[in-house]
Amino acid sequence: MAHHDDPSYPAEPLYQAREPIHPKAIHGRFRRFKDIVLLVAYGVFFLLPWVRWERGVGPDQAVMFDIPSRRYYLFDLVIHPQDMFLLAGFLILAAWLLFFVTGLVGRAFCGYFCFQTLWTDVFMKVEALVQGDRNKRMRLEKQPWNGEKLAKKGLTILIWTLIAFWTGFTFTSYWADAPQLFVSFFTLDAASAAYITTGILTATTLVAAGFAREQVCIYMCPYARFQSVMFDKETLLVSYDDARGEGEAGRRPLKQGLMTLEERHAQGVGDCIDCNLCVQVCPTGIDIRDGLQLECISCGLCIDACDQIMTKRGWPTGLIRYASEQELETGEKPNLLKFRTIGYGVATVAATVLLLYGIFARAPADLTVHQVRQPLFTVLASGDVQNNYNVKINNKLQEPLEFQLAVEGLPEARVSVVGGFGSLDVPADESRKYLVHVRVPRDVQVSRREIQFILTEQNGRIEPLEHDASFVFR
């Protein structure tokens, strides 16, 4: 009888229980680079909302996404709803840049710049600070719950929660004036959206960086699934030099007769001493010696670990290194100027140029004209025909503008603005709507004529604004 038909046979679990990973601390050039990136990223994220920036109009916060006023403030750049194409350009640039970097160095983004990696790194440092090194953390994990375990685990989670909370609050601070939000938040006067947003970010940060950790990279991140289609034999990846490490007789630990490279090579033994330090430092718990794996985030810590061992033995480093599959197989260095790399690079540069052009070529103001449809035209007692238009002017500058309105295409047209305005004034970084009457003597020969509204700024600060419309006679 098959096991699945035997009721006395225990059922196999559908899911494998997660085994906690406790990476060992390591020092080296990749660890230093990760720490530098972490400090810069945290400095930018946590300090930027508190940087003040003087503007003629708007908040004095350097970076602020002001939803009520529909403005995104990025230092001197103010993004209006009409400029949201810049967001699409930025997303396209980010995608092409990711493809370009992945084609060159694999999942380097995951290893050094991903938010999940950055926050998990800090949470692991907190864990090591409170609970001790890898061996102490492993012993603590296995021991029964007692006062020591409760105290250390509780303190760790408390610090994690504080970091997660400040992460959520900082994110919320980008959407409101940070100093004012700080006061109103802790005096319970802030909007409910502030508490909801901060609460959600606190919970997700705590779970993702504190408890899920590598599970996010392995099971939740879509990038891990489609990154392999961007690899080829010349992509630089964190790789184990199998030929050198295994030799003909495989890897062996250090022992009598296998202490030097000469002794090992004489017996066909590889350079790897099977110390497992590369496994112990891996944040996702894999063995890089098993080859390319989905779980590898290319953080380079296993390189630091292996180089440390090789240096202590006085042997050549690079047993684990950034190398392409082609280099490991043939010894040939990868050609970075391949068609795919050039294509990704050209697309990235083009997207960058177009985005910068879109930023610097934005119109300082824009004009929209909509003809009033009910009624489409009016025949006045004098016999003249009048059409009405809604004119909207959006001033994107940090200074007020004054316009004179003219209409071309109707030589005898008389233009008047409801309210008796002599000029159309628009305050700094605001919009104004005006109802405009245009009347001309009736022309029975035509039913419609194309016209053009022209706005001329009185002080010549911007180029004239133009908008096409039509005038209906009958």
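The values are calculated or read from the model by the stated rules, or taken from the named source; none is laboratory data. Bear in mind that the values here come from a model prediction, so they are computed numbers and not experimental data. Don't worry about glycine lacking a Cβ; one is built from the backbone with ideal geometry, like all the others, and counts go over all protein chains shown. Surface accessibility is based on the protein's heavy atoms, side chains included, excluding ligands, DNA and RNA. Shrake-Rupley method; radii C 1.70, N 1.55, O 1.52, S 1.80 Å.
Mean silhouette area of region 190-234, derived from the convex hull of its C-alpha atoms and averaged over all directions, reads 4.8 nm².
Distance between the modelled labels on Phe33 and Asn276, one decimal in nanometres: 2.8 nm (7 Å Cα→Cβ projection). A Förster distance of 45 Å, applied to the separation of the beta-carbon atoms of Ala193 and Tyr357, puts the FRET efficiency at 0.80.
Label positions at Thr330 and Ile342, each projected 7 Å from the Cα along the C-beta direction, are separated by 1.8 nm. At q = 0.16, 0.22, 0.23 Å⁻¹, what base-10 log of I(q)/I(0) does the Debye formula yield for region 209-287 when every alpha carbon is treated as an equal point scatterer in vacuo? So the normalised log intensities are -0.78, -1.01, -1.05. Dividing the C-alpha radius of gyration of region 184-328 by 2.2 N^0.38 Å, with N its residue count, gives 1.49.
Working note: Debye formula, equal point scatterers on the alpha-carbon atoms of region 365-472, no solvent; log10 I(q)/I(0) at q = 0.14, 0.21, 0.24 Å⁻¹ is -0.55, -1.10, -1.37.
If the segment from Ser382 to Glu463 were pulled out straight at 0.36 nm per residue, it would be longer than the present Cα-Cα gap by 25.5 nm. For the pair Lys433 and Glu54, label points projected 7 Å from Cα toward Cβ lie 3.6 nm apart. Accessible area per residue (1.4 Å probe, heavy atoms of protein chains only) ranks Phe90, Phe226 as Phe90, Phe226, with the largest value leading.
Could you sort 139-146, 289-296 so that the peptide with the highest average Cβ count within 10 Å comes first and the rest follow in order?
Numbers: 139-146: 10.2, 289-296: 15.4.
Answer by packing, highest mean first, reads 289-296, 139-146.
Once the convex hull of the alpha carbons of region 31-183 is built, what does its volume come to per residue, in cubic angstrom?
Numbers: hull volume 23.9 nm³, N = 153.
Cα-based convex hull of region 31-183, divided per residue, equals 156 Å³.
With a cut-off of at most 16 other beta carbons within 10 Å, and DSSP calling the residue loop, which GluC sites (Glu not before Pro) in region 379-416 qualify? Please list them.
Values: sites: Glu402, Glu408, Glu412; in loops: Glu412.
Of the GluC sites (Glu not before Pro), the ones in loops of region 379-416 whose Cβ has at most 16 other Cβ atoms within 10 Å are Glu412.
If R0 is taken as 41 Å, the Cβ-Cβ distance between Glu262 and Ala151 corresponds to a FRET efficiency of 0.20.
Classify region 294-336 as rounded, prolate or oblate, taking a ≥ b ≥ c as the square roots of the eigenvalues of its Cα gyration tensor: rounded when a/c is under 1.5, otherwise prolate if a/b is larger than b/c and oblate if not. Numbers along the way, then the final one.
Values: a/c = 2.91, a/b = 1.34, b/c = 2.17.
Verdict is oblate for region 294-336.
Stretching the chain fully between Arg70 and Arg134 yields a gain of 18.1 nm (0.36 nm per residue, less the alpha carbon separation).
Note on the chain: Cα-only Rg and Dmax are 33.1, 116 Å. The share of accessible area on region 237-330 that comes from carbon and sulfur is 49 percent, using a 1.4 angstrom probe.
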